Amino acid sequence: MADLVLTLLGPDRPGLVERVADVIAANDGNWLESRMSHLAGKFAGILRAELPADRVAAATAALKALETQGLKVIVEAAAREEAGPGAHDLELDLVGLDRPGIVREISQLLAVNGVNVEELTTNRVSAPMSAEMLFQARAHVRVSPNTDIAKLRAELERVASDLLVEVKLTPVEPATGRS
């Protein structure tokens, strides 16, 4: 079996997910995981599927043919990943008044500390009482065994104070791999 990672982008309209699912199923594939969303009138998604190795070329051609319907598809072969020994997962939650640079500041700090962002979800919402815009982020991160967690927490708190946001870093239960 081969793992494929697909990136999808096109004008949002009914039936896009079905077309991609049809290609995966027609090639004896299995839809493993995905994140898809409507963003500014566009359909954007990322998907991991598993297919028999001898069906990858046909599936890739069929997915590329969806471009005639306005859906841009990028297909990449992916290696199956295992967490390295001693690596562990954390959830990072952030909320604060929206302003430019929040993601840049936090992601730079994580990178310098050897932390890999595995999943990131962000959103802007109206604050309940003031109607000011709040920025919310939730990240699933993988921390190398060499990372000093206490130092990472202290640096996150310092940057959070500078950005006027609240940041919480919590361990992920090892049994699920995700919270």
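All of the numbers you see were taken from the coordinates with simple rules; none came from a lab. All values derive from a computational prediction rather than experimental measurement. Neighbour counts run over all protein chains shown; Cβ positions are idealised from the backbone, glycine included.
Below is a table of values for the structure above.
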| read-out | value |
| --- | --- |
| Whole-Hz ³J(HN,Hα) from phi, Karplus 6.51 cos²θ - 1.76 cosθ + 1.60, for segment 135-151, glycine and proline x | 9, 10, 9, 9, 10, 9, 10, 10, 9, 6, x, 7, 6, 7, 4, 4, 5 |
| Long-range amide H partners of Leu134 with built H, under 5 Å | Asp98, Val125, Ser126, Ala127 |
| Packing-based order for 97-105, 42-50, using average beta carbon neighbours within 10 Å, highest first | 42-50, 97-105 |
| Dipole magnitude of segment 2-78, debye to nearest 20 (Cβ charges: Lys/Arg +1, Asp/Glu -1, about Cα centre) | 320 debye |
| Debye-sum result for the chain in log10 I(q)/I(0), which assumes one identical scatterer on each alpha carbon, at q = 0.14, 0.18 Å⁻¹ | -0.92, -1.14 |
| Ile74, Ile24 arranged by Cβ crowding within 10 Å, fewest neighbours leading | Ile74, Ile24 |
| Percent of Cα pairs exceeding the 14 Å cut-off, where the set is segment 2-78 | 55 percent |
| Against the rule of thumb 2.2 N^0.38 Å, how large the Cα Rg of segment 88-171 comes out | 1.08 |
| Lysines with Cα under 17 Å of Lys168, excluding same-chain neighbours fewer than 8 positions away | Lys151 |
| Spin-label pair Glu76/Asn123, simplified geometry with 7 Å Cα→Cβ offset, distance in nm | 2.7 nm |
